[in-house]
There are 2 protein chains.
Amino acid sequence: MTGQVSDPGEFELIERYFLRGGRRAAQPDVVLGIGDDAAILSLPADSELLVSVDTVVSGRHFPENTEPRSIGHRALAANLSDMAAMGATPAWATLALTLPRADPAWLAAFSAGLLDLAAANGVALVGGDTTRGALTVSVQILGHAPRGTSLRRGGARAGDILAVTGTLGDAGAGLALRTGRLSAPRAAADELIRRFDYPQARVAFGIAARGIASAAMDLSDGLTGDLPKLAAASGVAAHVEVQRLPLSAALRAAADPVQARAWALAAGEDYEILAAVAPSRFAALEAQAARLNLMLTAIGELKAGSGVTWSLNGLEMMQPPRGYDHFA
Amino acid sequence: MTGQVSDPGEFELIERYFLRGGRRAAQPDVVLGIGDDAAILSLPADSELLVSVDTVVSGRHFPENTEPRSIGHRALAANLSDMAAMGATPAWATLALTLPRADPAWLAAFSAGLLDLAAANGVALVGGDTTRGALTVSVQILGHAPRGTSLRRGGARAGDILAVTGTLGDAGAGLALRTGRLSAPRAAADELIRRFDYPQARVAFGIAARGIASAAMDLSDGLTGDLPKLAAASGVAAHVEVQRLPLSAALRAAADPVQARAWALAAGEDYEILAAVAPSRFAALEAQAARLNLMLTAIGELKAGSGVTWSLNGLEMMQPPRGYDHFA
């Protein structure tokens, strides 16, 4: 969509399915949208630009039989979650789409999934590139935050409370249901599959946590994979009381406690926010979450030292299962 | 590199080969580089943000046997060229890399090609995502320009001179040499293959053309594919005198005149700049090109109306060959 549109066939393909994202970009912050060599964008005064990129590959990040609407949704949701983790306001996205053939039904559903989520978050699709090849979807997101206010992984201090939004493990159970490794009562199954197929990034919470949380990151790779990164970046140790991990009613209905806890610890794709907050500010962060009708649960604390320890009802746990591994 | 690093194996892989692009980002405009959920970047005051994305796929945008250093270089060069076409100063890039396996030799060469070109253009690699799959390289570039100064495709007016930088058709011949469809004397062949494998985006020219050129775009899909887009965006007709197309000595040594002209017209990947400029400003644009030791050649003009016509030594040409088609 920017400089790579090379023939009428491809041009029409892109026009038809994705230009909604550009045209709806009659937002004042889009000076020039899709159709030139680059988009021209205008940041608010005295803000910083935030940028992140996420790729999803068929058969690796979602089962081959995933509905295309979910693929489009998930590709953007992962990026929105990165903005949420930084406390940034997402504003624009570009799409690099590689697909084996131009199937109109697939493109209609995929683009609807992506563009509906973009519209719901005030994000304009401002550029892209479509190429033929194995299905690969890379979305790059651009956002902004007032200068100096972004939340980083490295800001946590010893004594901070460790908290998570929402519930953990639902997406892991949803994936198990989608791939036939779990069966569950219909209502619970629907809810868990929806959590996997249509994750909701905690964008409003991230923005609300600016100036309150000391550090944040999103749980894309599972708590056991992600928490050590926050602790290391902040130069502190972390301890988690595993019995405090928030489990949804659907997850508790669908899986036994040991399995539910394993997903809550190590399955990725929940896209909840892991935040560190000084004890004196925890009530303020809770109030922000409550305003957004979002659960916030203290699950542990940060301490001087390094490394992460886990306990269950007061007993130290063996090293819990590893998080999702993209490349091994 | 931003939020997607999920296990020690992948982390080390990325650290080893790409962090040079982040760490060297001790540039003041990189507030926070690789390693968090998103990078934090600082734009100059009173500037606009420019963004573009380009994907290259093995076997489609380059032959399967292309050296990995060239793949890394080309992936970024295509994006730099989009910035050049807009008159923007490239500043940052992110990389979405999908590859079938983590081959250290391949990664070392690929990352060197990308990062050396980035360094030469003052671009910091500030984020990325590595996934396993068929080789696909998407680079998104971010740049900036003083508010209101970017060059667009739609700014040309009837009466403007149409001009191109450098020489055309070299990359087309280079690709033919690389794939065994052409043989040529060694020196010419080396030069043409270098033009295909290591294209140079005209970044400095694009910046210099701000305030002089009325419109610009880059020639990534060939003149016959790209010029109609500039004419349509500007609402004017274009006429090209094909005998004026600038051909390099290497191309003239390697191919007969008819073949050379066909590549100059329709082969993509030259990454030269096509600019429209008012006759009164042509000398100023020429002077900027000369300062940069770059050839600038008037090849035709823009007129009232629509569509593109081509003549060769005064005789109207049949529709010349189509440009490169990514998706048919």
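Take each of the peptides A:86-94, B:272-280, average the number of other beta-carbon atoms within 10 Å over its residues, and list them starting from the highest.
Listed from highest to lowest mean packing, they are A:86-94, B:272-280.
Which distances, shortest first and in nm, link A:Pro28 to the matching position in the other copies, using label points set 7 Å out along Cα to C-beta?
3.0
Just checking the output field for B:39-50: average partner chain Cβ neighbours within 10 Å of each residue's Cβ? Please list the in-between numbers first.
Details: counts 7, 12, 7, 5, 7, 0, 2, 1, 2, 7, 15, 10.
Mean shielding count: 6.
Kindly work out what percent of the DSSP beta bridges joining two residues of chain A are antiparallel, to the nearest 5. Walk me through the intermediate numbers first.
Numbers: 41 of 55 bridges.
Counting DSSP beta bridges with both partners in chain A, the antiparallel share is about 75 percent.
Normalised radius of gyration for chain B, please: alpha carbon Rg relative to 2.2 N^0.38 Å, two decimal places.
Expressed relative to 2.2 N^0.38 Å, the Cα Rg reads 1.01.
Enumerate the aspartates and glutamates that B:Lys303 could reach by cross-link, defined here as Cα to Cα under 12 Å, with residues fewer than 8 away along the same chain left out.
B:Asp160
Give the angle, between 0 and 90 degrees and rounded to the nearest 10, that separates the Cα long axis of helix A:223-234 from the longest principal axis of the Cα atoms of chain A.
90
Within the protein assembly as shown, what percent of beta bridges assigned by DSSP are antiparallel, to the nearest 5?
Of the beta bridges lying entirely in the protein assembly as shown, close to 75 percent run antiparallel.
For B:Thr149, enumerate residues with amide H under 5 Å from its amide H, sequence gap 5+ or separate chain, H modeled in the peptide plane.
Distant-sequence amide H within range of B:Thr149: zero hits.
Average partner chain C-beta neighbours within 10 Å, per residue of A:185-195?
Rounded to a whole number, the mean comes out at 0.
Hey, what angle do you get for helix B:8-23 against the long axis of chain B, alpha-carbon based, 0 to 90 degrees rounded to 10?
50
In the stretch B:179-328, what is the volume of the convex hull around the alpha carbon atoms, normalised per residue and reported in Å³?
135
Can you give me the Cα centroid spacing of the stretch A:232-268 and the stretch A:151-169 in angstrom?
14
5 Å is the cut-off here: which amide hydrogens, built 1.01 Å from N in the peptide plane, fall below it relative to B:Gly128, excluding neighbours closer than 5 in sequence?
Under 5 Å from the amide H of B:Gly128: A:Val53, B:Thr2, B:Leu95.
Which FRET efficiency value, to the nearest 0.05, is calculated for B:Gln259 and A:Arg147 with the Förster distance at 45 angstrom and r the Cβ-Cβ distance?
0.20
Give me the accessible area per residue for the stretch A:46-181, probe 1.4 Å, as a whole number in Å².
Here the per-residue accessible area is 24 Å².
What does the accessible area per residue of the stretch A:203-328 come to in Å², with a 1.4 Å probe and no ligands, DNA or RNA counted? Could you put the intermediate results ahead of the total?
Numbers: 5080 Å² over 126 residues.
On a per-residue basis, the stretch A:203-328 sits at 40 Å².
Mind checking the mean number of beta-carbon atoms from other chains within 10 Å of the Cβ atoms in A:133-146? Don't skip to the end; give the middle numbers.
Details: counts 12, 7, 3, 10, 2, 15, 5, 11, 1, 6, 1, 4, 2, 0.
Rounded to a whole number, the mean comes out at 6.
Give me the angle, in degrees from 0 to 90, between the Cα long axis of helix B:186-197 and the longest principal axis of the Cα atoms of chain B, rounded to the nearest 10.
In chain B, helix B:186-197 runs at an angle near 60 degrees to the longest axis.
In whole percent, and with a 1.4 Å probe on the protein chains, what portion of the accessible area of chain A is carbon and sulfur? Write down the numbers at each step before the final one.
On the way: 6150 of 11250 Å².
For chain A, the apolar C and S fraction of the accessible surface comes to 55 percent.
For a quick protection proxy, order the peptides B:308-317, B:195-204 by their average other-Cβ count within 10 Å, most packed first.
B:195-204, B:308-317
If each label sits 7 angstrom from Cα along the C-beta direction, how far apart, in nm, is B:Leu312 from its counterparts in the other copies?
Spacings between copies for this position, smallest first, are 7.8 nm.
List, in order, the whole-Hz ³J(HN,Hα) value for each residue of the stretch B:210-222 obtained from phi through the Karplus relation with A = 6.51, B = -1.76, C = 1.60 and θ = phi - 60°; use x for Gly and Pro.
Karplus-based 3J(HN,Hα) across the stretch B:210-222 equals 3, x, 10, 5, 8, 7, 7, 8, 9, 8, 9, 10, x Hz.
Can you give the relative contact order of chain A as a percent, counting alpha carbon pairs under 8 Å and 6+ residues apart?
Rounded, it is 21 percent for chain A.
Highest first, please rank the peptides A:135-141, B:63-69, B:265-271 by the mean number of other Cβ atoms sitting within 10 Å of their residues.
Taking the mean over residues of other Cβ atoms within 10 Å, the ranking is A:135-141, B:265-271, B:63-69.
Whole-Hz ³J(HN,Hα) for each residue in the stretch A:147-158, computed from phi via Karplus 6.51 cos²θ - 1.76 cosθ + 1.60 with θ = phi - 60°, x for glycine and proline: what do you get?
So the Karplus estimates, Gly and Pro as x, are 3, x, 9, 4, 8, 10, 5, x, x, 6, 10, 4 Hz.
What FRET efficiency comes out for the pair A:Gln243/A:Thr179, r = Cβ-Cβ distance, R0 = 30 Å, nearest 0.05?
Calculated transfer efficiency: 0.60.
B:Ala216's amide H: which non-local residues (gap 5+, or another chain) put their own amide H closer than 5 Å, with H modeled 1.01 Å from N in plane and none for Pro or chain starts?
Here B:Arg152, B:Arg153, B:Gly155, B:Ala276 satisfy the definition.
Using a simple spin-label model with points 7 Å from Cα along the Cα→Cβ vector, what separation in nm is obtained for A:Arg291 and A:Gln319?
4.2
Along its three principal axes, how long is the protein assembly as shown when you only count alpha carbons? Whole Å, largest extent first please.
The Cα atoms of the protein assembly as shown stretch 89, 46, 41 Å along their principal axes.
Which value in Å is the Kirkwood Rh of the stretch B:76-137 over different Cα pairs?
Mean inverse Cα-Cα distance, inverted, gives 12.5 Å.
Using helices alone, what [θ] at 222 nm do you get for chain A, with -39,500 (n - 2.57) per DSSP H run of 4 or more residues, divided over all residues and rounded to the nearest 500?
Using -39500 (n - 2.57) per qualifying helix, the result is -11000 deg cm²/dmol.
In nm, one decimal, shortest first: how far is the label point of A:Glu64 (7 Å from Cα along Cα to beta carbon) from the matching points in the other copies?
2.2
The values are calculated or read from the model by the stated rules, or taken from the named source; none is laboratory data. Values in this document were obtained by computation on a predicted structure and should not be read as measured data. Neighbour counts run over all protein chains shown; Cβ positions are idealised from the backbone, glycine included. Just the protein is used for accessible areas: all its heavy atoms, side chains included, with ligands, DNA and RNA removed. Shrake-Rupley method; radii C 1.70, N 1.55, O 1.52, S 1.80 Å.
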